[in-house]
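Input: a single structure, listed below in structure tokens.
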Amino acid sequence: MFKSKEKILTLFLILIIGGAGGILADQFLLPYLSTIPFFSKISFIEHAMNGTTIINPTEKIIITENIAIEGAIDKINPSLVAIQSYQNKGLIKQGTGFIMTSDGLIVTAADLVPAWATEYLVFRNGNYLTAQVVKIDLKSNLALLKIEEVNLSVASLANLEETYLGQRIVLVGVELIENNLNYFVNLGVIRSISEETLKINLTEENSLANGSPLINIKGQVLGLNLVDYKGLIKTIPISEIRGFVGL
């Protein structure tokens, strides 16, 4: 019994001495060694003196993805526009669209530009521009508009053959607040891929996301989002949009 207590006491003393030794090494020994050229080049001593934090692989992946998403949003933003339809000067429909060509072709949801509207406006860079409806496909719910401007920033288009299940995706929409474009996003992943639609794990409460692009973390457009009054999303794949626009 005495020997057992002696062993426990010895182990306890070892832990205390070891802890104290670690503190002394960190506070006194490592700083002293860092002043000696030979020891200062040893990586763990250099890191300790520089206050370097070692990030584990999981944290590094998360940080890298977040940076990529921020870059993707910044890349698509210049090509986004707000779409508004009026009847007798009264606003009847509004949502998002994105510029497809530098000479002013814009794709959006067809239900944002109904035939019975009397005026269609596009808002970008602090200005309202009158838009003309070039083409409508009611079956797919796509509309192609044209504004009289050139040298516009255009959306970069993805290749669906390089798209995969579980891929991180971002919905980016716009809303007008005091004559300024305000951007909003929603993050998710791809659940399934087909020629007719991309299924994603998102719902969107902001109806102004109707007509918005779905992008990958490279900032490339994967499809156009159709958002209904319940917030349910149907995404038309970029392959169908290319065919509709003629690109």
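Each value in this text was obtained by applying a stated rule to the coordinates, not by laboratory testing. None of the values given here were measured: they were computed from a predicted structure. Note that each Cβ is placed from the backbone with ideal geometry, even for glycine, and that neighbours are counted across all protein chains shown.
Could you pull out the pairs from K199/K230; K75/K218; K199/K234; K146/K218 whose alpha carbons sit more than 18 Å apart here?
K146/K218
For E161 and Y229, calculate 0.36 nm times their separation in residues minus their Cα-Cα distance, and state this gained length in nm to one decimal.
Length gained between E161 and Y229: 21.3 nm.
Could you check the spin-label model distance between I67 and Y86? Points 7 Å from the Cα along Cα→Cβ, value in nm.
Using points 7 Å along Cα→Cβ, the separation is 4.6 nm.
Could you give the length gained by full extension between D103 and S207, i.e. 0.36 nm per residue of separation minus their alpha carbon distance, to one decimal place?
34.7 nm
Can you give me the pair-distance distribution of segment 123-247, C-alpha pairs, 5 Å bins, whole percents?
Percent of Cα pairs in each bin: 2, 10, 20, 23, 22, 15, 7, 2, 0.
Over the Cα atoms of segment 79-146, each weighted equally, I'd like the Debye log10 I(q)/I(0) at q = 0.21, 0.23 Å⁻¹, rounded to two decimals.
Values returned for q = 0.21, 0.23 Å⁻¹ are -0.79, -0.95.
Which residues does the label zone of E178 cover in segment 111-154, counting backbone N under 18 Å from a point 7 Å along Cα→Cβ?
Once the point is set 7 Å along Cα→Cβ of E178, 125-127 turn out to lie under 18 Å by backbone N, inside segment 111-154.
Using per-residue counts of other Cβ atoms within 10 Å, averaged over each peptide, order 153-160, 233-240, 179-186 from highest down.
In decreasing order of mean packing, 153-160, 233-240, 179-186 become 233-240, 153-160, 179-186.
Taking a spot 7 Å from the Cα of E195 along the direction of its beta carbon, which residues of segment 228-247 have an amide N less than 11 Å from it?
Taking a point 7 Å out along Cα→Cβ of E195, the residues of segment 228-247 whose backbone N falls under 11 Å are 240.
Which far-off residues, 5 or more places away or on another chain, put their amide H under 5 Å from the one on K218, with H placed in the peptide plane?
Residues meeting the amide H criterion: none.
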